[in-house]
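The values are calculated or read from the model by the stated rules, or taken from the named source; none is laboratory data. Note that this is a predicted model, so its numbers are computed, not measured. Don't worry about glycine lacking a Cβ; one is built from the backbone with ideal geometry, like all the others, and counts go over all protein chains shown. With ligands, DNA and RNA removed, areas are computed over all heavy atoms of the protein, side chains included. Shrake-Rupley method; radii C 1.70, N 1.55, O 1.52, S 1.80 Å.
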Amino acid sequence: YQTDFGSNPYVEACTGWHVPAADAVMGEPVAADIPALILTGQFDPHSPTPVAEEAASKLSHSYVIEIPSHGHNVLGTGHCAVSIRNAWIDHPESPPEATGCLDTLSVTLATGSR
């Protein structure tokens with residue numbers, strides 16, 4: 001933890017709770033055969049696409065969709081991810097088909113000079 005995230009006051013707070021360590025199984029990937037849709041943003045710093053794909057590897061009926069030009073909150077920052085999710089919910093046994101809106105998303109870079 002320290003190597004990846006540096007000093008964090010919450011780590012010290014954990015020692016004050018006086019609870020035992022979690023069982024080792026808590027660190028194991030979840031495995032399931034139920035349909036799962038994982039949406040991740042192209043610029044997601046918390047759970048980037050490779051992490052989502054690793055999680056999906058143990059989910060036999062999962063689909064990972066990367067949302068271009070988005071960060072972590074893909075459902076709260078535009079309609080494309082929401083429309084993909086909503087269409088997939090109606091047919092979770094099939095791969096998401098309503099993904100055409102992904103082609104309309106792009107990144108616009110702005111510079112400080114005009």
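Count the net charge of all other residues whose Cβ sits under 14 Å from the Cβ of Ala87, scoring Lys and Arg as +1 and Asp and Glu as -1.
Residues close to Ala87 contribute a combined charge of -2.
Return the unpartnered cysteines for the chain, using a Cβ-Cβ cut-off of under 4.7 Å.
Cys14
In degrees from 0 to 90, rounded to the nearest 10, what is the angle of the helix 80-90 Cα long axis to the longest principal axis of the chain?
Approximately 90 degrees, to the nearest ten.
Would you compute, from DSSP H runs of 4+ residues alone, the mean residue ellipticity of the chain at 222 nm, taking -39500 (n - 2.57) per run and dividing by the full residue count, rounded to the nearest 500?
Mean residue ellipticity at 222 nm (helix-derived): -7000 deg cm²/dmol.
Treating only the Cβ atoms of Lys and Arg (+1) and Asp and Glu (-1) as charged, compute the dipole magnitude of segment 55-114 about its Cα centre; round to the nearest 20 debye.
300
Just to verify a number: FRET efficiency for Thr15 and Ser47, C-beta to C-beta distance, R0 = 25 Å, to 0.05?
FRET efficiency, Thr15 to Ser47: 0.40.
Could you tell me which of Pro68, Ser94, Ala52 has its Cα farthest along the dipole of the chain towards the positive end, charges placed at Cβ (Lys, Arg +1; Asp, Glu -1), taken about the Cα centre?
Going by the Cα projections, it comes out as Pro68.
Would you tally the net charge around Val74, using a Cβ to Cβ cut-off of less than 13 Å, leaving Val74 out, and scoring K and R as +1, D and E as -1?
Here the charged neighbours net out to -1.
What does the charge count near Gln42 come to, summing +1 for each Lys or Arg and -1 for each Asp or Glu among other residues with Cβ under 14 Å from its Cβ?
Its environment carries a net charge of -4.
For segment 40-114, just run the numbers: alpha carbon Rg, then divide by 2.2 N^0.38 Å, N being how many residues it has.
1.23
Given the C-alpha centroids of segment 9-33 and segment 87-106, what is the distance between them in whole angstrom?
Computed from Cα coordinates, the inter-centre distance equals 35 Å.
Quick one: accessible area per residue over the chain, 1.4 Å probe, rounded to a whole number of Å²?
76
Carbon and sulfur: what percent of the chain's accessible surface (1.4 Å probe)?
The computed percentage sits at 57.
Any chance you could run the full-extension gain for Val82 through Cys101? It's 0.36 nm times the residue separation minus the Cα-Cα distance, nm to one decimal.
Fully extending the segment from Val82 to Cys101 adds 5.8 nm.
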